[in-house]
Amino acid sequence: MKPGTIDLQQENELSLFRKSVQTFAKKEIEPNYMEWEKDKMIPREFWKRLGEAGLLCTDIPEKYGGVGAPFIYSALIIEEFCRLGYAAVGVNLSVHSIVVAHYILNAGTNEQKLYYLPKMASGELIGAIAMTEPNAGSDLQGIKTVAHYDEEQSAYRVSGSKTFVSNGQLCDFVVVVAQTDMTVSASRGTSLFIVDIPTEGLSRGKNLEKIGLQSCDTSEMFLEDVLMPSSSILGGLNKGFITLMMELPRERLIAAIGAQAAMEGVIDLTVTYVNERSAFGQPISGFQNTRFKMAEMATEARVNRAFVNECLALFAAGKLDTETASMAKLSCSEAQGRIVDGCLQLFGGYGFMTEYPVARAFVDARIQRIYGGTSEIMKEIISRGMFGK
């Protein structure tokens, strides 16, 4: 990760920070990750260790409990976890530190910032966002969760159902997307509510079964007349859609970074494997097919790395637009799918065995083209930027 906007001193600092993240992963994740995958849950104690190490909300200002580092440091944490094959940790952490924390930082009241952000940075509170619904995925204008104002209670009654809530089992609060004005389009009548857990009327379903990201807890949530005061609204009444749209470049950039790091990590694994594994009296790396295939994948990964670095530089300068971020997510996630599949093929039968990291990388990669906006939605956004609506 070396955008042209950073100088040698910053590059050295980033290198030292990367090593510290790797050391943390070696000590805290590597011995436990397979157990977490079996348990389908990352333990709460690990979140507190992340906080103690300064790896939560790293780019949140110090006055709100963060480290106050540039965004690239937070991106590097996600990058290293994904490169090392711990994608579920990367996803959970992204939702908490990159998505939810920045909704609160950029759209919250001072009271909301002072209460939630320091506790998120320490790992005391785990955040989640409930956006997707059973019948509304990438199209947020199709949401059915509603919030009616109750004059007698001087509060909103929120009702609806959500699904695919990452951090859903462990979270201490959840940002819920709901319609507050049904007389206008969802883009003009949507609000965000910060709902603390437990709250009467909110229940969470079981930990959903997935083909990948096993240790990333993912839940359904059900809201039935959940009373929420106006002070729980995040970003202003009927301003929820605008708040969500403002944060999309950051979210899609971090998704691209995770995909990029994962493909680089699996390439490294495969280079090692084909050098060590022999067939017909020679290492697999000696066959032209292996060498050419690896050359193709390494080239594709490097091209995407250049684009990711460009996007990081644009983001640091406040110039990363939604279309460009969508290009990065589309390109990196699609490349990740191709590369992980190609690497698994070179592992042969062993690539199909779950104890091999390449098998886990294969199933973990599949969601990248779906969450945060599907590849098809990315293409729609990019084409609208080119041709208009």
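The figures follow:
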item	result
Single match in 279, 256 (criterion: without any contact (Cβ under 8 Å) to a residue 60 or more places away in the chain and touching a Phe, Trp or Tyr at 6+ places or on another chain (Cβ under 9 Å))	279
Residue count, segment 273-322 (criterion: surrounded by fewer than 17 Cβ atoms within 10 Å (Cβ to Cβ) and either among the charged types (D, E, K, R) or not in a helix (DSSP H, G or I) (or both))	17
Condition check for residue 215: assigned by TED's automatic domain parsing to the domain that holds residue 157, closer than 15 Å to residue 93 by Cα, at pLDDT 95 or above and under 18 Å from the mean Cα position of the chain (by Cα)	yes
Single condition residue 371 does not satisfy, out of (1) at pLDDT below 95; (2) part of a helix (DSSP H, G or I)	(2)
Residue in segment 105-113 that is more than 16 Å from the chain's Cα centre (by Cα), over 20 Å from residue 218 (Cα atoms), among the basic types (Lys, Arg) and outside the structural domain of residue 69 (by TED's automatic domain parsing) present	no
Number of the condition not met by residue 120 [criteria: (1) surrounded by fewer than 21 Cβ atoms within 10 Å (Cβ to Cβ); (2) more than 14 Å from residue 232 (Cβ to Cβ); (3) out of contact with any Phe, Trp or Tyr (no Cβ under 7 Å at 6 or more places or on another chain); (4) in the same structural domain as residue 58 (by TED's automatic domain parsing)]	(1)
Positions within segment 132-157 being in contact with a Leu (Cβ under 8 Å, 6 or more places away or on another chain) and either surrounded by fewer than 21 Cβ atoms within 10 Å (Cβ to Cβ) or part of a helix (DSSP H, G or I) (or both), in sequence order	140, 150, 153, 155, 157
Any hit, segment 81-92, residues being of a type in the set (Lys, Arg), more than 23 Å from residue 366 (Cβ to Cβ) and not in a loop (DSSP other than H, G, I, E, B)	no
Count of residues meeting criterion [surrounded by fewer than 18 Cβ atoms within 10 Å (Cβ to Cβ) and either among the charged types (D, E, K, R) or within 28 Å of residue 133 (Cβ to Cβ) (or both)] in segment 350-370	4
Evaluation of residue 60 against (1) among the β-branched types (Val, Ile, Thr); (2) under 28 Å from residue 214 (Cα atoms); (3) surrounded by 14 or more Cβ atoms within 10 Å (Cβ to Cβ) (one fails), failing number	(2)
Identity of the residue in segment 4-46, β-branched (Val, Ile, Thr) and either without any contact (Cβ under 8 Å) to a residue 40 or more places away in the chain or not in a helix (DSSP H, G or I) (or both), that ends up surrounded by the most Cβ atoms within 10 Å (Cβ to Cβ)	42
Residue, surrounded by the fewest Cβ atoms within 10 Å (Cβ to Cβ), within segment 192-225, restricted to residues that are among the basic types (Lys, Arg) and assigned to a strand (DSSP E or B)	206
Residue match in segment 334-349 (condition: within 23 Å of residue 250 (Cβ to Cβ) and surrounded by 20 or more Cβ atoms within 10 Å (Cβ to Cβ))	yes
Residue that is surrounded by the most Cβ atoms within 10 Å (Cβ to Cβ) [pool: residues in segment 374-388 that are modelled with pLDDT under 95 and of a type in the set (Gly, Ala, Ser)]	385
Pair list, Cβ under 6 Å, 6 or more apart: segment 324-340 residue in the same structural domain as residue 303 (by TED's automatic domain parsing) and in contact (Cβ under 8 Å) with a residue 24 or more places away in the chain, other residue β-branched (Val, Ile, Thr) and assigned to a helix (DSSP H, G or I)	326/381; 326/382; 327/382; 340/266
Residue match in segment 164-179 (condition: over 24 Å from the mean Cα position of the chain (by Cα) and outside the structural domain of residue 47 (by TED's automatic domain parsing))	yes
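The values are calculated or read from the model by the stated rules, or taken from the named source; none is laboratory data. The model shown is predicted, which means the values in this text are computed figures rather than measured ones. Positions of Cβ are generated from backbone atoms using ideal geometry, with glycine treated the same way; all protein chains shown enter the neighbour counts.
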